[in-house]
Amino acid sequence: QQSLLDWRLQLAQASRLAWLSQREQLALSAVMLALDAERHRVQEEVYGQYVRRMACLVDALADVVAVDRGRASELLQARKGVQQAELSLAAARSAHRQTEIRLRRVIGDAPVDGQLVGQALQTLPDLPPLLAAAEAAPELAQLEHQAQAVSRAMVGTVQRVLVEGPSKRRAFELAGRTDNNRIVNFAGPLRLTDQFVDV
């Protein structure tokens with residue numbers, strides 16, 4: 001009865017850790033989308049400036065071609081450049097809109113300043129605390145709790161084991177793996193190596 005209670009507590013802890021992990025993934029998605037939206041906004045500004053400058057160049061070349069017809073190919077190239085810049089601007093606007101729509105799906109209509117998010121991410125933490133945080137991540141704890149719960153549930157049951165050979169812990173025992181890759185040590189003759197046995 002106590003082992004069943006322990007098993008259920010382990011599963012509840014694993015579920016709580018999975019919920020925390022999903023929250024962190026959602027926050028990470030929101031930050032990534034906010035950064036993408038800011039990047040597309042900056043691209044839109046840059047392409048807008050480029051279109052304006054290319055338009056000025058076209059106007060200037062049109063004046064030059066009015067006087068010197070030999071430079072008409074330059075005007076044609078500049079007009080093609082304006083068209084390409086306008087296409088790039090339209091693509092940047094479209095990407096910006098799409099990213100903002102995806103961001104709204106994640107966080108709703110609350111405004112997000114991508115510049116603030118980018119500034120917050122510019123300062124990188126020291127490596128040792130980052131490694132400690134990674135080792136204490138809820139995902140790892142969740143997997144550990146799930147593994148312990150599965151292992152506890154297997155105690156006292158008969159499992160099909162593929163015998164791998166002598167145990168590394170005790171020379172007089174054999175070691176094998178269950179269907180779910182759990183290592184099992186048990187007494188038996190060495191001739192069972194590479195065979196399935198019920199343990």
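The values are calculated or read from the model by the stated rules, or taken from the named source; none is laboratory data. Note that the structure is predicted; figures quoted are calculated from it, not measured. Note: ideal-geometry Cβ built from the backbone for every residue, glycine included; neighbour counts use all protein chains shown. Keep in mind that these areas ignore ligands, DNA and RNA; they rest on the heavy atoms of the full protein, side chains included. Shrake-Rupley method; radii C 1.70, N 1.55, O 1.52, S 1.80 Å.
Side notes on the structure shown:
- Residue 152 exposes around 120 Å² of accessible area when a 1.4 Å probe is run over every protein chain in place.
- Accessible area in the full protein assembly, largest first, 1.4 Å probe, for 196, 172, 186: 172, 196, 186
- Between the amide H of residue 193 and any residue lying 5 or more places away or on another chain, no distance stays under 5 Å, with hydrogens modeled in the peptide plane.
- Using the alpha carbons alone, the radius of gyration of the chain stands to its Kirkwood radius in an Rg to Rh ratio of 1.35.
- Computing FRET efficiency as 1/(1 + (r/R0)^6) for residue 181 and residue 107, where r is the C-beta to C-beta distance and R0 is 41 Å, gives about 0.55.
- Full extension of the segment from residue 134 to residue 147, taken as 0.36 nm per residue of separation minus the current Cα-Cα distance, would add 2.8 nm.
- Cα pair distances exceeding 13 angstrom across the stretch 30-74, given as percent: 65 percent
- The alpha carbons of the stretch 1-84 give a radius of gyration and a Dmax of 30.0, 99 Å, in that order.
- Rough spin-label spacing in nm, given labels placed 7 Å along Cα→Cβ, for residue 173 and residue 195: 2.1 nm
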